[in-house]
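The values are calculated or read from the model by the stated rules, or taken from the named source; none is laboratory data. Just so it is clear, the model here is predicted, and its values are computed rather than measured. Here the Cβ positions follow ideal geometry from the backbone for every residue, glycine too, while neighbour counts run over all protein chains shown. For accessibility, only protein heavy atoms count, side chains too; no ligands or nucleic acids. Shrake-Rupley method; radii C 1.70, N 1.55, O 1.52, S 1.80 Å.
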Amino acid sequence: KAQQHGLTKLWETDTVFRTPESVLFDGKGKRLFVSNIDGAPAEKDGKGFISIVGLDGKPISLAWIKGLNAPKGMGIYKNKLYVADLTELVVIDIKQGTIIEKIPVEGAVFLNDIVIDNKGIVFVSDTRSFNIYQYDQERVSVTMRNLKRPNGLLMNEKDLLILDNGSLLALNLNGQLLQLMEGMDPSTDGIERVKADEYLVSAWEGVIYYVVANKTKEILLDTRKEKKNTADIGYDAKNRVLYVPTFFGNKLVAYKLD
């Protein structure tokens, strides 16, 4: 079967980052937010920070927000940046560049990815407690329990999409969990929407997939042999540019989706 899609490298940064885990594309601000763990991925060491980077890969503010632990997934809602930081949801005022609050998530062990719906409900995955939590701007509760290895999250029109141990799942409004794809590398990490029912999926071990829900999965990039990680991706849908953090490689790489 012929390859339907491809990736063309646009640029690659120097090793200026410190264990970059997640990239969030901010179309409104025409910039990238990058979470840097800068230490052990599961330790509360205060070394973590958030960078602001231009769309050309050049840092605008390398250590914009400091003093985090092991920051991972991020989401934006009403000029606030929400960051998953191990056992807390950190809320940052983007304009002021300051931390507004840190919301403890009871029972959390390893908070990982974030997605925010249009009502401002923040969903956050926990890869090691196997839960999905939600914060409704007042309190934190559990949305889903007993998954295998939940990580990447995405909202579509009606469902919460979850990457879980090599599978793409959809949690619908009735609380049913449907499987949209299986058989990917178990380290599935980030997910971004290309168009209806079509997604880019990263696996931390070093794979980027193009997934058509309930139909096909294509490998666009495989750097597992070189031990180059592809962590929690960001995507500019208008310009079809994929941003990949290389984790232990300490770089960002940008690709054009063909």
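From the set of residues in the range 26-41 that are of a type in the set (D, E, K, R) and part of a strand (DSSP E or B), which is least open to solvent (accessible area, probe 1.4 Å)? Going through the qualifying residues, I end up with ASP26. The residue pairs whose first member lies in the range 101-120 and is of a type in the set (Asp, Glu), whose second member is open to solvent by less than 20 Å² (accessible area, probe 1.4 Å), and whose beta carbons are closer than 6 Å, counting only pairs six or more residues apart or on different chains, are GLU101/VAL91; ASP113/GLY73; ASP113/SER125; ASP113/ASN151; ASP113/GLY152; ASP113/LEU153. Looking across VAL124, VAL109, one residue alone is under 24 Å from THR87 (Cβ atoms), outside any strand (DSSP E or B), β-branched (Val, Ile, Thr) and in contact with a strand residue (DSSP E or B) (Cβ under 7 Å, 6 or more places away or on another chain). It is VAL109. Scanning the range 52-62 for residues that are open to solvent by less than 50 Å² (accessible area, probe 1.4 Å) and of a type in the set (A, V, I, L, M) turns up ILE52, VAL53. Taking the conditions (1) within 23 Å of GLY166 (Cα to Cα); (2) part of a loop (DSSP other than H, G, I, E, B); (3) open to solvent by less than 40 Å² (accessible area, probe 1.4 Å) in turn, ASN146 satisfies each one other than (3). Of the candidates VAL53, VAL23, VAL34, the single residue that is out of contact with any Lys or Arg (no Cβ under 7 Å at 6 or more places or on another chain) and over 19 Å from ILE100 (Cα atoms) is VAL23.
Applying the criterion of being of a type in the set (Gly, Ala, Ser) and more than 14 Å from the chain's Cα centre (by Cα) to the residues of the range 83-134, the residue that is most open to solvent (accessible area, probe 1.4 Å) is GLY107. Applying the criterion of at least 2 residues that are β-branched (Val, Ile, Thr) to the strands (runs of 3 or more DSSP E) found wholly in the range 48-95 leaves 48-53, 59-68, 88-93. Taking (1) surrounded by fewer than 23 Cβ atoms within 10 Å (Cβ to Cβ); (2) more than 18 Å from ILE233 (Cα to Cα) in turn, PHE49 satisfies each apart from (2). Within the range 202-218, restricting attention to residues that are more than 14 Å from TYR255 (Cα to Cα) and among the β-branched types (Val, Ile, Thr), the residue that is least open to solvent (accessible area, probe 1.4 Å) is VAL211.
Within the range 219-237, the residues that satisfy the criterion of being part of a loop (DSSP other than H, G, I, E, B), open to solvent by less than 20 Å² (accessible area, probe 1.4 Å) and in contact (Cβ under 8 Å) with a residue 40 or more places away in the chain are THR230, ALA231, ILE233. Residue check: GLY57 meets all listed conditions (1) on the phi < 0 side of the Ramachandran plot; (2) in contact with a Ser or Thr (Cβ under 7 Å, 6 or more places away or on another chain) but one, namely (1).
Quick grid of which residues meet (1) within 14 Å of LYS251 (Cα to Cα); (2) among the charged types (D, E, K, R); (3) in contact (Cβ under 8 Å) with a residue 40 or more places away in the chain; (4) touching a strand residue (DSSP E or B) at 6+ places or on another chain (Cβ under 6 Å):
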site	(1), (2), (3), (4)
THR15	yes, no, yes, no
ARG18	yes, yes, yes, yes
VAL23	yes, no, yes, yes
LYS30	no, yes, no, no
GLY46	no, no, no, yes
